[in-house]
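Step one of this worksheet: look at the structure below.
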Amino acid sequence: MSIQWFPGHMHLTRQAIRDRMKAGIDVVVELLDARCPGSSSNPLLHQLTKHKPALKLLNKQDLADPVRTAEWLAHFNAQPHTRAQGLEAKRFSAKNLLAACRELAPTRTSAVKPLRLLICGIPNVGKSTLINALMGGRRATKTGDEPGVTKVEQKLMLGHDCLIYDTPGMLWPKIAAPECGWNLAASGAVGRNALDEELVALELIERLQAGYPEALQARYALAAPPEANAEERLALLAKKRGAVLAGGRPNLQKAAEILIHEFRQGLLGRITLETPEQFAAWSAAALAPAEEEDEAQPGQEAD
């Protein structure tokens, strides 16, 4: 099973971004989830924005591993025409953010030539919270803890020389790397109707055991042997939290909901589900079959 979610309003968002780029944008401000920066970076957005200068904001950095956040910031800052900053959308410096944008578009400095920012990102990554903070705490947009709260583009004026265009959260039609889909589901970017919480929880346990083996033990004190698999650990978590069915059977669905919720709330510690190297490997593996198919000559089979 792979995670895919591209509801109808995302088609409209894609067209709105295409139209906005034709009308003129100076800097694309892309919010990423600091817990999965590569997985939450939208390849469709990169295609639509045509290599415009970009400011990448790793939001929810207070929930992410600070060492891995530093690695991701270095990764993005090494890219051309790109700046990257860590961010907590409820506590940040609007001055620093705008300064970074102006460095990327130094000629847009007046009311006659206002700085035009397109703010975008995946669903539930914190765009509305960021914009409300930029507007001085005024509730300019709706916020919520479910993906898909914003449905239409909004235009806002910040001061006399900065225009902000806020777009609804958008994924892309096909998430090629399965690992990226699981990370997006765990982080809350995918609607509940498009995922199986139990499967997401099992994948999350695998990630935690690989990168943060102490996290599950510290939070749940599971009496699990080192060789225990993800399903066995989820069953122990269920019993630990009293999630049991008739006959004492573990309620894996309830346990999965508990684990995912507590991960999203940061109750398992500061965790980042991927490194730049892991993301590059997943992406390369996902692209390989398509490249082999393209290289196959008519009448021949790809290896």
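The values are calculated or read from the model by the stated rules, or taken from the named source; none is laboratory data. What you see is a predicted model; the values in this text were computed from it and never measured. Neighbour counts run over all protein chains shown; Cβ positions are idealised from the backbone, glycine included. The area values use the complete protein model at the heavy-atom level, side chains included, leaving out ligands, DNA and RNA. Shrake-Rupley method; radii C 1.70, N 1.55, O 1.52, S 1.80 Å.
Listed values, structure above:
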| read-out | value |
| --- | --- |
| Region 63-82: number of residues that are open to solvent by 50 Å² or more (accessible area, probe 1.4 Å) and either under 16 Å from Pro276 (Cα atoms) or charged (D, E, K, R) (or both) | 9 |
| Selected residue [modelled with pLDDT of 90 or more and more than 21 Å from Trp282 (Cβ to Cβ)] from Ala201, Ala185, Ala228, Ala210 | Ala228 |
| Unique residue being farther than 20 Å from Thr167 by Cβ and of a type in the set (A, V, I, L, M, F, W, C) when the list is Leu63, Leu58 | Leu63 |
| Residues that are within 15 Å of Leu222 (Cβ to Cβ) and open to solvent by 60 Å² or more (accessible area, probe 1.4 Å), drawn from region 237-252 | Lys239, Lys240, Arg241 |
| Subset of region 83-136 that is in a helix (DSSP H, G or I) and among the hydroxyl-bearing types (Ser, Thr, Tyr) - its residue that is surrounded by the fewest Cβ atoms within 10 Å (Cβ to Cβ) | Thr129 |
| Test result for Lys174, open to solvent by 10 Å² or more (accessible area, probe 1.4 Å) and part of a strand (DSSP E or B) | no |
| Condition met for Ala255 (modelled with pLDDT of 90 or more and open to solvent by 20 Å² or more (accessible area, probe 1.4 Å)) | no |
| Test set (1) of a type in the set (D, E, K, R); (2) within 17 Å of Lys127 (Cβ to Cβ); (3) at pLDDT below 95 - Lys50 fails condition number | (2) |
| Selection within region 42-62 - of a type outside the set (D, E, K, R), under 13 Å from the mean Cα position of the chain (by Cα) and either open to solvent by 30 Å² or more (accessible area, probe 1.4 Å) or under 23 Å from Tyr212 (Cα atoms) (or both) | Pro43, Leu58, Asn59, Gln61 |
